[in-house]
Amino acid sequence: MIRLFRCDVVLEQGQGGASAPDVAESCSPYTGTPVPPDLLPPVPFRSERRRMPHRSDPVVSVVIPCHNYARYLPEAVSSVLAQTFRAWELVIVDDGSTDNTVEVAQDLVARHPDRCIRLLQQANAGVSAARNTGIEACAGRYILPLDADDVIAPTMLEKTVEVLDSDPDIGIASTDVFTFTDDDLPPQAMPLPAYSRELLLQRLIMFYCSLYRREAWQTVGGYDETMRAGEDWDFWIGCVEHGFDAHHIHEPLFGARNKDTGLHLEAAENDLAIRARIVANHPGLFKPITRGWAHAVLTQDAEACLSDEHVPDDILTRAAEMDQFLAAVMALQRTTRVQYYHIRRLEKALAARSGIVGPPVPEREPTPTVASVPDRQEAGALRQT
């Protein structure tokens, strides 16, 4: 038998799959020995998972998948704890991490006994499966996915919940984004366009970290667990396909960590292939020529089909727009970094003249990185016009 720890709840689970757990109603700290990733059972089929009951269901469930991001997890959790809207629960899904993610998550739960924070463990299955696992187990009527290396502004839940509460015809509330780095560079706000169904079919205009109704996830069938990248765009298009509308808040309430690692790199390199997969998943929303191209990419010689002469004009144009936007973002960040460190040097020189010891300034500015939302393909969102 495998012992899985979810808050103070110990689940007994066999090697062959998940049994329906009996779950304690409280969310007080738990103790226990973390399960080694190689001993974890397979991720259960969605039909085998069951939502955990609670004495009082929260309004919002924040779901944080985490794979080897223990170093970032406390910052993500702290941003949830700082929310002005308090009727939330937090579900952390350890996706087969080999670092100390489980220990860090256990400590976070223990240090906040007054908040409903729970830990789920599963064998590594990717961000889509981890999100689905967390959402299936949570209780909120609204869902907010948050990756372990990103953060949300203190009023994120307050303002997005207000949108969904005030208009039952709105299924998704998205926001602008601010990018930040591991050094002390100031965050950079990135405005996004207002929601448009037609625009969403052309390019990703909503970040993965948007609040949506639980029934949207149920109706779409969750995130496509076979997609390593682009799963959020595919999910949003699935919402459109089933009639869910969205509203965009023009405030940077979601913070994406800007670094040069993560699945966003894979997404950037395979943009057209991801688009082909999305077209194939939602054929009724695209033209016959586009459907034919997507079918060819997925079933024939993908490399040949992805050459410019074989790509439909609308698909190729959209990809070019994304590339142009990404190049502009990179140039802007490079300029910002150069200016920032130049100002720091001037401040240091001025402080030396006046006898004031200032903070150390690097001899050289660090290599600029691409603005990104890590571990889940947000390259598309950053490369929009």
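The values are calculated or read from the model by the stated rules, or taken from the named source; none is laboratory data. In this text, all values refer to a predicted model and were calculated from it rather than measured experimentally. Here Cβ is always computed from backbone atoms with ideal geometry, including for glycine, and neighbour counts include all displayed protein chains.
Residue 268 meets the conditions (1) under 25 Å from residue 196 (Cβ atoms); (2) modelled with pLDDT under 80; (3) surrounded by fewer than 17 Cβ atoms within 10 Å (Cβ to Cβ); (4) within 24 Å of the chain's Cα centre (by Cα) in every case but one. The failed one is (3). If you take the residues in region 166-190 that are free of Cβ contacts under 8 Å to residues at least 60 places away in the same chain and outside any helix (DSSP H, G or I), which one is farthest from residue 247 (Cα to Cα)? Per the stated criteria, the residue is 184. For region 85-105, taking the residues that are in a helix (DSSP H, G or I) and within 29 Å of residue 155 (Cβ to Cβ), the one that is farthest from the chain's Cα centre (by Cα) is identified as 104. Scoring residue 158 on the criteria (1) under 22 Å from residue 130 (Cβ atoms); (2) of a type in the set (Asp, Glu); (3) touching a Phe, Trp or Tyr at 6+ places or on another chain (Cβ under 7 Å) leaves a single failure, condition (1). For region 98-111, the set of residues classified as crowded, with 22+ Cβ neighbours inside 10 Å and of a type in the set (Gly, Ala, Ser) consists of 105 only.
Looking only at residues that are among the small types (Gly, Ala, Ser) and modelled with pLDDT of 95 or more in region 39-84, which one is farthest from residue 157 (Cα to Cα)? Among those that are among the small types (Gly, Ala, Ser) and modelled with pLDDT of 95 or more, it is 70. One residue stands out among those in region 193-216 that are under 19 Å from the mean Cα position of the chain (by Cα) and of a type in the set (Ser, Thr, Tyr): the one that is farthest from residue 136 (Cα to Cα), which is 195.
Against the test of being at pLDDT 95 or above and surrounded by fewer than 22 Cβ atoms within 10 Å (Cβ to Cβ), the options 235, 286, 254, 244 yield a single qualifying residue, 244. Checking 212, 195, 208 one by one, the residue that is of a type in the set (Phe, Trp, Tyr), farther than 22 Å from residue 271 by Cβ and in contact with a strand residue (DSSP E or B) (Cβ under 6 Å, 6 or more places away or on another chain) is 212 and no other.
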